[in-house]
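Student: Pasting in a structure now, in structure tokens, and then I'll have a few things to ask.
The values are calculated or read from the model by the stated rules, or taken from the named source; none is laboratory data. What you see is a predicted model, and the numbers here were worked out from it, not measured in a lab. Cβ: placed from backbone, ideal geometry, glycine included. Neighbour counts: every protein chain shown. These accessible areas exclude ligands, DNA and RNA; they are computed on the full protein's heavy atoms, side chains included. Shrake-Rupley method; radii C 1.70, N 1.55, O 1.52, S 1.80 Å.
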There are 2 protein chains.
Amino acid sequence: MSSIRIGLIGLGTVGTGVARILIENAELMRRQTGHTLELRHVVVGDTAKARQIELAPGLIRGDIEALIADTECRIAVLLVGGLEPARSIALRLLTAGKDLITANKALLAEHGTELFEAARLHGRSIAFEASVAGGIPIITNMSQCLSANQLSGLSGILNGTTNFILTCMDEKGQDYGVALKEAQHLGYAEADPTMDVDGSDAAQKLAILAHLGFGARAYWKDIPRLGIDCLSPLDIAFARELGCRIKLIASARLDQGSLALGVSPALVRLGSPLAEVRQAFNAVALHGDAVGQLFYQGQGAGEKPTASAVVADIVDTVVGRAQITFNLLQLWSENRPAVPLADLSQTKSRFYIRLTVADNPGVLAVITGILGAHLISIASFLQKEPADSPGGPVTLVMMTHVASQAAANAAIKAIDQLPITSARSLCLPVMD
Amino acid sequence: MSSIRIGLIGLGTVGTGVARILIENAELMRRQTGHTLELRHVVVGDTAKARQIELAPGLIRGDIEALIADTECRIAVLLVGGLEPARSIALRLLTAGKDLITANKALLAEHGTELFEAARLHGRSIAFEASVAGGIPIITNMSQCLSANQLSGLSGILNGTTNFILTCMDEKGQDYGVALKEAQHLGYAEADPTMDVDGSDAAQKLAILAHLGFGARAYWKDIPRLGIDCLSPLDIAFARELGCRIKLIASARLDQGSLALGVSPALVRLGSPLAEVRQAFNAVALHGDAVGQLFYQGQGAGEKPTASAVVADIVDTVVGRAQITFNLLQLWSENRPAVPLADLSQTKSRFYIRLTVADNPGVLAVITGILGAHLISIASFLQKEPADSPGGPVTLVMMTHVASQAAANAAIKAIDQLPITSARSLCLPVMD
């Protein structure tokens, strides 16, 4: 049985998991590939740093030169985060004739076109199962298993950190700030959680899935996004009264040939699969013209689940499936037909609207007047007497009938300019 | 762009769906494969029968001779149910040098060894995504996407008919018989529903998944199975009081190197993904050592969802992925290491026990005495006064602590032999 050399760049959480699986499940790897997989090069930024895993002496190097020079090693696994030096390393590896496997979603979302072009130029492949949704094999499912389908929609919980925070707010009634601290304490959120909580991380992953499933060429920064830091425990409680749970949803909707993309907290009906996704789990709900509804749920991050996705890519690359898929899909290429992007303001849904207004006579007439003028009609209405400050501002919550995002935005803007409005209003889509 | 000839045997529900996708999504097929897929032969049992689809004149034949003789047609899609003539046709197709795609689970469960041996002998592949769980691509996920994992457990809702019936019983409070009639009326159940409701269909699918995911060589008839016809609306209601829903679960559990397989109605906790699977949907929950928990839900049957799986196999076969996977996995081969099967009676779980006994003084002491003698301790206990026949038999329901299946069986047998027992007792496992 011949041996296949693997080069690993990056020995953080996921890199350690990959090394562990290659070593601990070596016999399984032999069965899955017909070869012995040999971890031949491990490249790290700091060779002096203590590691969670014991590797053969001499295996770890501080630069990629030995890996680049080893022409027998044709498979490189890039598990370095951020854009640089990840981009330069990726280009050097491809140029040196190595098939690439990466989990770096930011790299693909920013430099997909450049990297995929370089790979095609050098006859190499790029596999990136681990870049979206951790252990859920959503990339292979969308690029291979659903090949018979024209997809029409996708809704995903693609960020485990925010789902963990929302679960704490829902189950323990915690404030956003308290829940965030707990997430940081448990290692689910980073010291600077901005990219997670403002929806940027989910938008990067959505850009990749939208490209894969719909042919969209969307720059992730152009995807409209609202984070979860605007939510209060009140919203969680009101949503519950309306039979819903609030989740950070990354969504793609194909309507009349154009694709609407967005990331926003949204109300999801209790009992629907997405509503029941708890803790740091990720999930993807898809709709295809042949398959109908399809739903996936799994661990969205962590050493072993993400490594499971990386190693599946290693196996696919060793046996040749990855190259077939790579060559057929023409990802990030001019040869792939692009779907036009929709103006998100023209998309329609029901909305959850939370207003904070003075508790005066006539206020309700003003509010409903503005909504009516924007052709927004109210399906249900909740108002609670303020418990702590009688005479103070009151919270009004409405569920609307179907309206356009543009109408909802305009109405909210008008309401926020009223002198009776004492805090910024919140407007969230409600999923069907 | 070159053209690839496809032969289709069987033009029932799924066959019609496959033909529709190949024709209606022709452009998508070209993008996915790099070839034009040409439906060149359609073989049916009765050429005079009216069809739901219009095909080019001369395409439909009453025998496979033209397909066999067409050496340019290397891909045959066998969508004929039952064992014969499906088995003979499959062997002829393989011998004639055609790669095979099939949705026939019974054929694989009965004749997998013979068919896979014939395929290997003739250098051909067999793909069978559609044989289990309809539109859920569980075969590809288990044989490819989870290649880094040693699986430790699988729980599946693999039969849509029974899940539809259980949903009716749960949501509408219907009797089993009434719900079955509704399922038959809506086309979810066949005139003779035996294979569905007694767990045989689920056992055939479980045998395939257990072979694929765990290397088990289990003949489906040897898998212990209990059907749903033993359930009464009382059980559904009692389960609800215990915070659970009853689902027909096909399960595989690896414990200390041996695999326990079984099909049985089981209590599943409300809020867990499997409990929320409604109507005719199928679902699979997996546990792998790297990926952790992974959950899939989708349409388990129907023209288009099942055709989605078949066409994904066609694409994989056209582009060469199916052959790679087929050659590596050594399915139904002596070369694949086999896991020993566990004695199911030694497996442990909590149990739901429903007894029907005379409402006499001392009865409870006798029952609890028998359970105690078998080392079964009771976690919770429900008894309702009989509304319709005072003094008549009374229903007792218990949830036990963890006990072995053997102990539960022995205790139930002893209780069923008591003169105070007036109807057969029911004992169902409770899922963690």
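Student: With the structure loaded, tell me whether A:Gly112 is in a helix (DSSP H, G or I) and farther than 20 Å from B:Ser143 by Cα or whether it fails that test. Outline the logic, then answer.
Tutor: Values: in a helix (DSSP H, G or I): yes; farther than 20 Å from B:Ser143 by Cα: yes.
Yes: the conditions hold for A:Gly112.
Student: For region B:131-165, how many residues meet the condition of being of a type in the set (Gly, Ala, Ser) and more than 10 Å from chain A (Cβ to nearest Cβ)? Before the answer, list the steps.
Tutor: Just the residues of region B:131-165 that are of a type in the set (Gly, Ala, Ser), to begin with: B:131, B:133-135, B:143, B:147-148, B:152-153, B:155-156, B:160.
Pick out the ones that are also more than 10 Å from chain A (Cβ to nearest Cβ) and you get B:131, B:133, B:152-153, B:155-156, B:160.
Counting residues in region B:131-165 that are of a type in the set (Gly, Ala, Ser) and more than 10 Å from chain A (Cβ to nearest Cβ) gives 7.
Student: Does A:Ser349 qualify as being of a type outside the set (Val, Ile, Thr) and more than 30 Å from A:Arg124 (Cβ to Cβ)? Spell out the reasoning first.
Tutor: On the way: of a type outside the set (Val, Ile, Thr): yes; more than 30 Å from A:Arg124 (Cβ to Cβ): yes.
Yes: the conditions hold for A:Ser349.
Student: Report every pair of residues separated by at least 6 positions or lying on different chains whose Cβ atoms are under 9 Å apart, first residue within region B:327-349 and among the polar types (S, T, N, Q), second open to solvent by less than 50 Å² (accessible area, probe 1.4 Å) and part of a loop (DSSP other than H, G, I, E, B).
Tutor: That search, which allows pairs on different chains as well, returns B:Asn327/A:Gly34; B:Asn327/B:Ser125; B:Gln330/B:Arg336; B:Ser349/B:Met431.
Student: On to the next question. So which residues in region A:1-43 are β-branched (Val, Ile, Thr), in contact (Cβ under 8 Å) with a residue 40 or more places away in the chain and either within 12 Å of another protein chain (Cβ to nearest Cβ) or within 12 Å of A:Leu78 (Cα to Cα) (or both), if there are any at all?
Tutor: A:Ile6, A:Ile9, A:Val14, A:Val18, A:Ile21, A:Thr33 - these are the residues of region A:1-43 that are β-branched (Val, Ile, Thr), in contact (Cβ under 8 Å) with a residue 40 or more places away in the chain and either within 12 Å of another protein chain (Cβ to nearest Cβ) or within 12 Å of A:Leu78 (Cα to Cα) (or both).
Student: Anything in region A:94-126 that is farther than 21 Å from A:Ala202 by Cα and free of Cβ contacts under 8 Å to residues at least 40 places away in the same chain? List them, or say none.
Tutor: The answer is A:Leu94, A:Thr95, A:Ala96, A:Gly97, A:Leu100, A:Glu114, A:Ala118, A:Leu121, A:His122, A:Gly123, A:Arg124.
Student: Can you run down the residue pairs with Cβ atoms below 6 Å, 6 or more apart or on separate chains, where the first is in region A:287-308 and more than 15 Å from B:Ala148 (Cα to Cα) and the partner is of a type in the set (Lys, Arg)?
Tutor: Partner pairs satisfying both residue conditions: A:Ala290/B:Lys304.
Student: What number goes with the only condition from (1) more than 12 Å from B:Ala309 (Cα to Cα); (2) over 11 Å from the mean Cα position of the chain (by Cα); (3) open to solvent by less than 10 Å² (accessible area, probe 1.4 Å) that B:Ser155 does not pass?
Tutor: (2)
Student: Still on this model: Identify, please: which residue in region B:291-306 is aliphatic (A, V, I, L, M) and over 17 Å from the mean Cα position of the chain (by Cα) and is, among those, surrounded by the fewest Cβ atoms within 10 Å (Cβ to Cβ)?
Tutor: Initial filter on region B:291-306 (aliphatic (A, V, I, L, M)): B:291, B:294, B:301.
If we keep only those that are over 17 Å from the mean Cα position of the chain (by Cα) too, we end up with B:291, B:294.
Values: B:Val291: 28, B:Leu294: 25.
The extreme case among them is B:Leu294.
Student: Counting only residues that are touching a helix residue (DSSP H, G or I) at 6+ places or on another chain (Cβ under 8 Å) and open to solvent by 10 Å² or more (accessible area, probe 1.4 Å), how many does region B:273-290 have?
Tutor: So the answer is 8.
Student: Test A:Ala202 against the criterion of being modelled with pLDDT of 95 or more, aliphatic (A, V, I, L, M) and over 18 Å from A:Gln279 (Cβ atoms), and give yes or no.
Tutor: Criteria not met by A:Ala202.
Student: Mind checking whether some residue in region A:410-425 is closer than 30 Å to A:Gly34 by Cα and of a type outside the set (Val, Ile, Thr)? Working first, answer last.
Tutor: First, pick out the residues of region A:410-425 that are closer than 30 Å to A:Gly34 by Cα: none.
No, region A:410-425 contains no residue that is closer than 30 Å to A:Gly34 by Cα and of a type outside the set (Val, Ile, Thr).
Student: Condition first: farther than 23 Å from B:Glu303 by Cβ and of a type in the set (S, T, N, Q). Now tell me which residues in region B:79-123 satisfy that.
Tutor: B:Ser88, B:Thr95, B:Thr113, listed by residue number.
Student: Given the conditions (1) open to solvent by 60 Å² or more (accessible area, probe 1.4 Å); (2) touching a Ser or Thr at 6+ places or on another chain (Cβ under 7 Å); (3) more than 19 Å from A:Pro429 (Cα to Cα), report the number of the one that A:Leu212 does not fulfil.
Tutor: Every condition holds for A:Leu212 apart from (1).
Student: Scan region B:395-412 and give yes if some residue there is part of a loop (DSSP other than H, G, I, E, B) and either farther than 25 Å from B:Cys244 by Cα or in the same structural domain as B:Ala250 (by TED's automatic domain parsing) (or both), otherwise no. Spell out the reasoning first.
Tutor: As a first pass, look at region B:395-412 and keep what is part of a loop (DSSP other than H, G, I, E, B): B:401-402.
Within this subset, residues satisfying the condition of being either farther than 25 Å from B:Cys244 by Cα or in the same structural domain as B:Ala250 (by TED's automatic domain parsing) (or both) are none.
No, because not a single residue in region B:395-412 is part of a loop (DSSP other than H, G, I, E, B) and either farther than 25 Å from B:Cys244 by Cα or in the same structural domain as B:Ala250 (by TED's automatic domain parsing) (or both).
Student: Additional query: For region A:221-237, check the following and say yes or no: at least one residue is modelled with pLDDT of 95 or more and closer than 16 Å to A:Asp432 by Cβ.
Tutor: No, every residue in region A:221-237 fails to be modelled with pLDDT of 95 or more and closer than 16 Å to A:Asp432 by Cβ.
Student: Can you tell me how many residues in region B:268-308 are in a helix (DSSP H, G or I) and facing chain A (nearest Cβ under 8 Å)?
Tutor: Summing the residues that are in a helix (DSSP H, G or I) and facing chain A (nearest Cβ under 8 Å) in region B:268-308 gives 6.
Student: Only residues that are open to solvent by less than 30 Å² (accessible area, probe 1.4 Å) and within 15 Å of A:Ala90 (Cα to Cα): list them for region A:43-65, please.
Tutor: Once the filter is applied, which keeps residues that are open to solvent by less than 30 Å² (accessible area, probe 1.4 Å) and within 15 Å of A:Ala90 (Cα to Cα), region A:43-65 yields A:Val43, A:Val44, A:Ile64.
Student: Further question on the same structure: Restricting attention to region B:312-327, and to residues there that are part of a helix (DSSP H, G or I), touching a helix residue (DSSP H, G or I) at 6+ places or on another chain (Cβ under 8 Å) and surrounded by fewer than 20 Cβ atoms within 10 Å (Cβ to Cβ), which single residue is nearest to the other protein chains (Cβ to nearest Cβ)?
Tutor: Checked region B:312-327; the qualifying residue nearest to the other protein chains (Cβ to nearest Cβ) is B:Ile324.
Student: Let me ask you something else. May I ask you to list the residues in region A:270-290 that are among the aliphatic types (A, V, I, L, M) and either within 18 Å of A:Ala210 (Cα to Cα) or not assigned by TED's automatic domain parsing to the domain that holds A:Lys205 (or both)? Full working, then the answer.
Tutor: First pass over region A:270-290, keeping only residues among the aliphatic types (A, V, I, L, M): A:270, A:274-275, A:277, A:280, A:283-286, A:290.
Matches in region A:270-290: A:Ala283, A:Val284, A:Ala285, A:Leu286.
Student: While we're looking at this one, here's another question. I'd like the residue in region A:168-190 that is in contact with a Lys or Arg (Cβ under 9 Å, 6 or more places away or on another chain) and assigned to a helix (DSSP H, G or I) and, out of all such residues, is most open to solvent (accessible area, probe 1.4 Å).
Tutor: A:Glu171
Student: In region B:389-406, which residues are open to solvent by 20 Å² or more (accessible area, probe 1.4 Å) and either modelled with pLDDT of 95 or more or within 31 Å of the chain's Cα centre (by Cα) (or both)?
Tutor: First, pick out the residues of region B:389-406 that are open to solvent by 20 Å² or more (accessible area, probe 1.4 Å): B:389-391, B:393, B:395, B:401-402, B:404-406.
If the condition is that a residue be open to solvent by 20 Å² or more (accessible area, probe 1.4 Å) and either modelled with pLDDT of 95 or more or within 31 Å of the chain's Cα centre (by Cα) (or both), then B:His401, B:Val402, B:Ser404, B:Gln405, B:Ala406 are the ones that fit.
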